[in-house]
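Note sheet for the following structure.
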Amino acid sequence: MDRRTLLKLLAAAALAGCDTRDKSATPLKIVVAGAGIIGASIAFHLAKAGAAVTIIDKEGPATHASRGTFAWINATWAKQPRSYHAFSQESVANWHDLQQELDLPVRWGGSLEWFDNADRQDTLAAQIAEQVAWGVPARMVSAEEFTKLEPGIRPGASITAAFSPDDGAVDPVLATHRLLAAAEALGATLRYPTTLMDVLLTNGRLTSVITSSGSIPADRLVLATGAAKNLPEQIAGIKIPQRSGPGVIVVTHPAPRRLQHIISAPGVHMHQRDDERIVLGEQDGAPDNDAHTVRLQGRPNRFPDPAIAEQHATRILAIAEKYSPGIAGVRIEHVYIGWRPLPIDGHPVIGASAERPDVYLAIMHSGVTLAPIVGQLAAQELTTGVTIDLLKGYRPDRVFEEIKRY
Ligand SMILES: Cc1cc2nc3c(=O)[nH]c(=O)nc-3n(C[C@H](O)[C@H](O)[C@H](O)COP(=O)(O)OP(=O)(O)OC[C@H]3O[C@@H](n4cnc5c(N)ncnc54)[C@H](O)[C@@H]3O)c2cc1C
């Protein structure tokens with residue numbers, strides 16, 4: 001679906017007129033739990049729409065997945081089926097608008113991706129052919145063109161790679177802070193550390209949200225609490241099956257420019273931001289051994305000590321050096337652990353709980369890519385009462401099938 005069709009659909013949804021709210025009433029009081037990039041985007045769009053917004057976070061802005069993320073903004077072949085691809089593509093387009101509006105730190109230029117086995121490469125070529133058939137400007141590039149596009153990378157002898165020119169990457173922490181600051185400038189309140197504990201209902205309607213620092217009057221609650229997997233059941237009475245796994249992200253100190261594109265190489269992802277920091281992510285999850293199982297039980301979002309963080313960074317840098325020898329010697333600034341908020345069918349969960357209609361869930365992977373569109377559409381549903389058709393495949397009460405997309 002192109003941008004114009006989407007906008008028409010949105011306008012039609014608004015005109016369909018299930019808006020039951022009294023326009024002269026005081027603004028809706030909405031608490032957004034979770035100050036990651038999703039909560040921040042929803043809060044910003046809600047504040048823009050005139051809601052009285054309070055954002056709470058148990059730790060602080062961008063301290064979980066929205067910090068330990070690779071932050072690749074994309075609608076590549078992996079976004080399936082086509083409706084989800086179009087949804088992601090629309091969000092990529094929305095990033096441009098949001099970037100301009102709030103001066104967000106996004107770097108565009110596209111991605112280059114390849115694999116190290118012939119069968120997977122054949123599948124990649126077929127996946128890119130499908131993208132082309134869908135009107136996406138992706139293409140396979142030869143080794144020669146690759147080297148022109150990305151002189152600092154040595155992908156291997158006769159490689160072809162997928163080039164997706166519309167992709168970008170963002171500094172997710174700075175973007176989250178800017179979204180929150182923009183929400184605050186529009187009157188929103190940000191409170192942390194403040195943990196969501198429960199909700200208080202009066203005659204079946206939400207009246208306040210109970211937190212670790214007191215209760216907050218609320219007409220609606222948004223659960224943008226990422227990989228906190230038990231909260232939807234505890235607060236909204238609905239179980240969202242998730243298979244969240246951890247990933248390690250390395251951010252270097254600013255370094256001379258070595259990378260022009262987002263690189264998805266076998267075993268490692270890398271890009272270099274506009275602030276010249278290089279971001280590296282590993283493709284595989286945590287090593288499958290007892291020591292890790294024990295360490296990961298409590299879902300830590302920090303390493304237990306700097307030596308372990310350094311071991312991980314050294315391992316990931318060594319893989320990156322195989323493709324980008326120039327990376328050797330860069331100084332590491334941060335090593336993060338991120339837990340993917342990942343509903344088991346790989347698609348976002350967006351919408352109110354049937355059990356508790358005043359609680360609106362927004363839990364998803366590829367949340368960096370999706371933050372602009374989810375913020376915009378969720379705010380529209382919450383403040384006008386319209387039901388947006390485009391979100392119907394992502395409702396929390398759908399049947400969740402286990403589908404491995406990431
Ligand atoms: C390793 C890794 C790589 C990734 N790469 C990409 C990528 O390249 N592109 C992409 O689009 N996406 C990527 N993702 C996914 C993306 O980062 C997430 O989908 C996105 O950050 C989710 O944002 P969020 O705001 O929903 O969650 P989070 O950033 O996790 O925020 C949730 C917040 O809720 C708070 N919270 C939890 N419980 C409570 C409570 N009880 N009370 C109050 N606050 C609470 C937490 O403190 C946290 O701050 C990646 C994720 C990981 C982990």
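All of the numbers you see were taken from the coordinates with simple rules; none came from a lab. Because the structure is a prediction, the values reported are computed rather than measured. We place every Cβ from the backbone using ideal geometry, glycine too, and count neighbours over all the protein chains shown.
Translational D (Stokes-Einstein, µm²/s) of segment 206-247 at 20 °C and 1.002 mPa s when Rh comes from the Kirkwood sum over C-alpha pairs? Mind showing how you got there, number by number?
Working: Rh = 11.9 Å.
After rounding, the answer is 181 µm²/s.
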task = Using a/c under 1.5 as the rounded threshold, could you call segment 32-83 rounded, prolate or oblate? The axes a ≥ b ≥ c are square roots of the C-alpha gyration tensor eigenvalues, and prolate needs a/b larger than b/c, oblate otherwise.
result = oblate
ask   = Just how far, in whole angstrom, is segment 195-221 from segment 347-406 if you go by their alpha carbon centroids?
value = 21
query = Which of Y336, A265, M140 sits closest to the plus end of the dipole of the chain, meaning its Cα is farthest towards the positive end, when Lys and Arg get +1 and Asp and Glu get -1 on the C-beta?
reply = Y336
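Based on the alpha-carbon gyration tensor of segment 78-139, what equivalent-ellipsoid semi-axes (square roots of 5 times the eigenvalues) come out, in whole Å, largest first? Walk me through the intermediate numbers first.
Working: eigenvalues 144, 44, 16 Å².
Computed over segment 78-139, the values are 27, 15, 9 Å.
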message = Is there a quick way to get the dipole size of segment 93-182? I mean about its Cα centre, with the Cβ of Lys and Arg at +1 and of Asp and Glu at -1; what is the value in debye to the nearest 20?
response = 140
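For segment 218-294, build the convex hull from the C-alpha positions and give me its volume per residue in Å³.
Each residue corresponds to 187 Å³ of Cα convex hull volume.
Hey, got the dipole for segment 128-255? About the Cα centre, +1 on K and R Cβ, -1 on D and E Cβ, debye to the nearest 20? Don't skip to the answer; put the middle values down first.
Values: 10 positive and 11 negative charges, 82 e Å.
It works out to roughly 400 debye.
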remark   = Residues whose built amide H sits under 5 Å from the amide H of L342, excluding neighbours closer than 5 in sequence, are R243, S244
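Is there a quick way to get the dipole size of the chain? I mean about its Cα centre, with the Cβ of Lys and Arg at +1 and of Asp and Glu at -1; what is the value in debye to the nearest 20?
On the way: 40 positive and 43 negative charges, 104 e Å.
Using only the charged Cβ atoms, the result is roughly 500 debye.
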request  = Quickly estimate the mean residue ellipticity at 222 nm for the chain, helices only: each DSSP H run with n ≥ 4 gives -39500 (n - 2.57), and the total goes over all residues, rounded to 500.
outcome  = -10500 deg cm²/dmol
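Take every Cα-Cα pair in segment 106-182 and report what % of them are more than 19 Å apart.
The calculated P(r) of segment 106-182 puts 47 percent of pairs beyond 19 Å.
By its C-alpha gyration tensor, with a ≥ b ≥ c as the square roots of the eigenvalues, how is segment 119-235 shaped: rounded for a/c under 1.5, else prolate for a/b larger than b/c, else oblate?
On the way: a/c = 3.50, a/b = 2.61, b/c = 1.34.
Prolate shape, in that a/c is at least 1.5 and a/b is the bigger ratio.
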task = Based on alpha-carbon positions alone, could you give the equivalent ellipsoid semi-axes of segment 20-123 from the gyration tensor, as √(5λ), descending, whole Å?
result = 34, 17, 14
ask   = Rg and Dmax of segment 248-382 over Cα atoms: what are they, in angstrom?
value = 18.1, 55
inquiry  = Order 318-325, 370-377, 161-168, 396-403 from most to least packed using the mean count of other Cβ atoms within 10 Å.
reply    = 370-377, 161-168, 318-325, 396-403
Length-normalised contact order of the chain in % [C-alpha pairs under 8 Å, at least 6 apart] = 25
Global geometry of segment 170-242, whether rounded, prolate or oblate, following the gyration tensor of its Cα atoms and the 1.5 cut on a/c = oblate
key: Fluctuation leader among Q100, Q242, Q297 - the chain, Gaussian network, Cα springs under 10 angstrom   = Q297
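Using the Kirkwood radius over C-alpha pairs as Rh, can you work out the diffusion coefficient of the chain via Stokes-Einstein at 20 °C, viscosity 1.002 mPa s, in µm² per second? All intermediate terms of the calculation are to be shown ahead of the outcome.
Numbers: Rh = 21.9 Å.
The Stokes-Einstein estimate is 98 µm²/s.
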